[in-house]
1. Return the single residue from A175, A193, A22 with maximal mean-square fluctuation; model: Gaussian network over the chain, springs between Cα atoms under 10 Å.
2. In the chain, with Lys and Arg counted as +1 and Asp and Glu as -1 at Cβ, which of these residues, F241, G299, L317, has the Cα nearest the positive end of the dipole, that is, farthest along it?
3. Apply the Karplus parameterisation 6.51 cos²θ - 1.76 cosθ + 1.60, with θ equal to phi minus 60°, to every residue of segment 87-97 and state each ³J(HN,Hα) to the nearest whole Hz, in sequence, with x for glycine and proline.
4. Mind counting lysine pairs for me in the chain? Cα separation below 19 Å, and the two need to be 8 or more apart along the chain or on different chains.
5. Among DSSP beta bridges whose residues both lie in the chain, state the antiparallel percentage, nearest 5.
6. Rounded, prolate or oblate: which one fits segment 188-246, using the alpha carbon gyration tensor with axes a ≥ b ≥ c (rounded when a/c is under 1.5, else prolate when a/b beats b/c, else oblate)?
7. Which order do the peptides 179-188, 243-252 take when ranked by the mean count of other beta-carbon atoms within 10 Å per residue, highest first?
8. What is the chain by shape, rounded, prolate or oblate, if you read a ≥ b ≥ c off the alpha carbon gyration tensor as root eigenvalues and call it rounded for a/c under 1.5, prolate for a/b larger than b/c, and oblate otherwise?
Amino acid sequence: MAIPGSGLSRDEVLSQLDAMKAHDVRWRDGRAFTLAYNAGDEVVALAEEAYRRFSTENALNTDAFPSLRRVQADVVGIVGSWLEAGEDGAGFMTTGGTESILMAVKAARERGRAERGVTAPNVVLPTSAHAAFEKGCAYFGLESRRIAVRDDWRADPDAMADAVDENTVLLVGSAPQYPQGVVDPITEIAAIAAERDVNCHVDACMGGVTLTYLARLGHDIPAWNFSVPGVTSISVDLHKFGYTAKGASVIMHRSKRLRSFQTFVTDNWLGGFYGSSGVLGTKSGGAMAAAWAVLHHLGDEGYLRLTAAARRACDQLADAIEATPELRLRARPEATLLSFGASDPDALDVFAVADALWRRGWYLDRQGPPPSLHCTVNAVHDGRIDAFVADLRASIDEVLAARSTGDQGAYGTVE
Ligand SMILES: *Cc1c(COP(=O)(O)O)cnc(C)c1O
């Protein structure tokens, strides 16, 4: 495709873009159980407006844009209070969970090198920890030591302790982990790290908001945040259960000193002193402003309400799956994520069920091992579970009748 010789009109351009979206998943209608989150039209519209107003502002240099320094400080302050970060806690906004995790891996590597001279660093993490840790290890040259989870899908601290050696710079736990939606034994994992004085990152990309508010709503949540001794950093995605626009996450460190291993500065070029907190150079203020706007608009009460709605829908879906003989729920959700497979994988292909659901307009993540479907349940699904469960039943019946099979698909794609 070539650039048009003479430019198209604004209306023409926008209508072509809208046309491209015609076959996208209808997340506004609650049809996506992954990838998109929706706290209602009003919240989406506010995020979009705030994003528009700051889309060209550049967070690379807050001397020129002090507004964005203030935005970041306010957002990090709010998230820090959710995480019980304490006085010395220090963080940055990043563009997403992946960047937050990359920075946690990079900071652990730098600390290991600076304090202990580690030149061949490794990370000890459960098989359930997010793919972004693999990416971080690959980008920054660390060995990834994956340790099998227990039968209940939670990390196995004893096996993790056995894998730690003098080159270990980071241990990882998730709250909750993505694949089965359960919270790892953070207290035990962090204790192993504390004993050796190495970093322990808690991946709360999914749970940073929801676990905070579920605890406030009276749910029994295992300890997972900075109240746990030994936890050195935590990632929280605001573009998930913070219900803001894409491109917003926070990486929080227990102290300014630990945060110092994340940042990068150089003057080894002809352009003068250059410092940056994360992966990017030029960074749009759009997602940052949208996060500030949504946090302040929803307020504490908004997040209590939305978290209750998401959990209600998630529990309802978990109950329905447990009541479906052909399906097996992997674990009772501890936050708002769940996954399920077939009771008899030889009799029912769950990826074919995902195909049949997609023909009915529902999009789920496919994952494995073992072959499973995954639902990230958010507030938009409250009141829509009955309709989904009816289509799930119809899809199972269709697949059983046709004996069809499906493809595993992908959580993320390359093109
Ligand atoms: C989504 C997610 C990530 C990665 O975040 P992105 O925003 O997709 O980059 C990391 N960890 C967990 C547990 C997640 O759910």
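No lab work stands behind these numbers, since they all come straight from the coordinates. From a predicted model like this one, the values you see are computed outputs, not experimental measurements. Ideal geometry is used to build each Cβ from the backbone, glycine not excepted, and the neighbour counts take in all protein chains shown.
1. It is A22.
2. It is G299.
3. Ordered by residue, 3J(HN,Hα) equals 4, 8, x, 8, x, 9, 7, 10, 8, x, x Hz.
4. Close lysine pairs found across the chain: 4.
5. Just about 60 percent of them are antiparallel.
6. Here segment 188-246 falls in the oblate category.
7. Descending packing order for the listed peptides: 243-252, 179-188.
8. oblate
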